[in-house]
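The values are calculated or read from the model by the stated rules, or taken from the named source; none is laboratory data. Keep in mind it's a predicted model, so treat the numbers as computed, not measured. Positions of Cβ are generated from backbone atoms using ideal geometry, with glycine treated the same way; all protein chains shown enter the neighbour counts.
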Amino acid sequence: MFGSININNITNVQIQQFKMKKLKEGYAPSTVETLIGSMSAIFVFSAKISMKFKGNNPAYKVASDLTRVENFRLRYLNSEEIELLIYSYRNYKTPEISQAIILFIKLSLSTAARASTVINIKRRDIDLNTRQVRLYDFKNQSHYVGYLSKTLFQDLDFLKDMEPDYKVLYTTQALIYPTLLYHMRPVYDELFNEGLKKHDRYRFSIHSIRHTVASNLAIQGVSLLKIKHILNHKSIRSTLIYAKLQNKDTFDDLDALYSKKDGSL
């Protein structure tokens, strides 16, 4: 869209138009926010480091009205689908890759952490006695504590002989996000995304595992404050997207609306 326009000639209006263009094309608000954030960083770099840009940053606050609520990924898995996803990797390609991906899924389901956080868990971050995991949130740049579920991790012996600085998700080398995406996307696309367009919010993605944990906690009636703590959200506003799933009482009220005491209409 910007082609070879001199950086000093790019205006706030053009960046606003870029934002609207990407939203109309179906890009998620968070993706557009990331793109504009990258542009903003380029202006800052050009002003402070390369000295090629002078003036006010035209990308500043352009993405401020892109709310997290609009970006809520609607797809999450039920218990049967979780079992299906894990089962699909039982005999996937090499045993090493198979074990690493299953471990990634279990760690993600247990901690509800973002993929970047899970990938970087080291042996020293895990306390075998308390089952606590020290996590680092790269988005919020903060440390917090997660938990290894006894259901998902009945046996932790595989961690006992691991070196402290050894990344838990390790094949012949540390598992990185592009490698994870390469091995996971074809499988979950076949299982859950058939017929869905690229930017459909019902599509399942790696990030949907985090949504799966939060969504099922909300359905079970866990308080939003607890969910906020588990997800390490900075603001309760980000957690409010799960409030719509806490609707058991609403369904009961609707069921009772037209029913007589004997259960008939």
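On the phi < 0 side of the Ramachandran plot and in a loop (DSSP other than H, G, I, E, B): does that describe Asp189? Judged against the criteria, Asp189 is not a match. I'm checking my understanding of the structure. Among residues of segment 133-144 that are free of Cβ contacts under 8 Å to residues at least 40 places away in the same chain and loosely packed, with under 15 Cβ neighbours inside 10 Å, which one is nearest to Ser79 (Cα to Cα)? That would be Arg134.
Residues of segment 6-60 that are loosely packed, with under 12 Cβ neighbours inside 10 Å and closer than 30 Å to Tyr202 by Cα: Met20, Lys24, Glu25, Ser38. Inside segment 120-131, residues that are in a strand (DSSP E or B) and surrounded by fewer than 15 Cβ atoms within 10 Å (Cβ to Cβ) make up a count of 1.
Val213 meets all of the listed conditions (1) of a type in the set (A, V, I, L, M); (2) surrounded by 14 or more Cβ atoms within 10 Å (Cβ to Cβ); (3) at pLDDT below 90; (4) closer than 18 Å to Leu107 by Cα but one, namely (3).
Per the listing Ser223, Ser149, Ser208, the residue uniquely of a type in the set (Gly, Ala, Ser), in the same structural domain as Asn120 (by TED's automatic domain parsing) and either in contact (Cβ under 8 Å) with a residue 60 or more places away in the chain or touching a His at 6+ places or on another chain (Cβ under 8 Å) (or both) is Ser208. Restricting attention to segment 100-110 and to residues that are within 15 Å of the chain's Cα centre (by Cα) and under 11 Å from Phe153 (Cβ atoms), the residue that is surrounded by the most Cβ atoms within 10 Å (Cβ to Cβ) turns out to be Leu107. Against the numbered list (1) farther than 17 Å from Arg185 by Cα; (2) in contact with a Ser or Thr (Cβ under 9 Å, 6 or more places away or on another chain); (3) crowded, with 17+ Cβ neighbours inside 10 Å, Tyr89 comes up short only at (1). For segment 192-215, a residue qualifies if it is among the charged types (D, E, K, R) and outside any helix (DSSP H, G or I), and the qualifying residues are Glu194, Lys197, Lys198, Asp200, Arg201, Arg203. The residues of segment 153-169 that are surrounded by 15 or more Cβ atoms within 10 Å (Cβ to Cβ) and either in contact with a Cys (Cβ under 9 Å, 6 or more places away or on another chain) or within 17 Å of Ile105 (Cα to Cα) (or both), listed by number, are Phe153, Lys167, Val168, Leu169.
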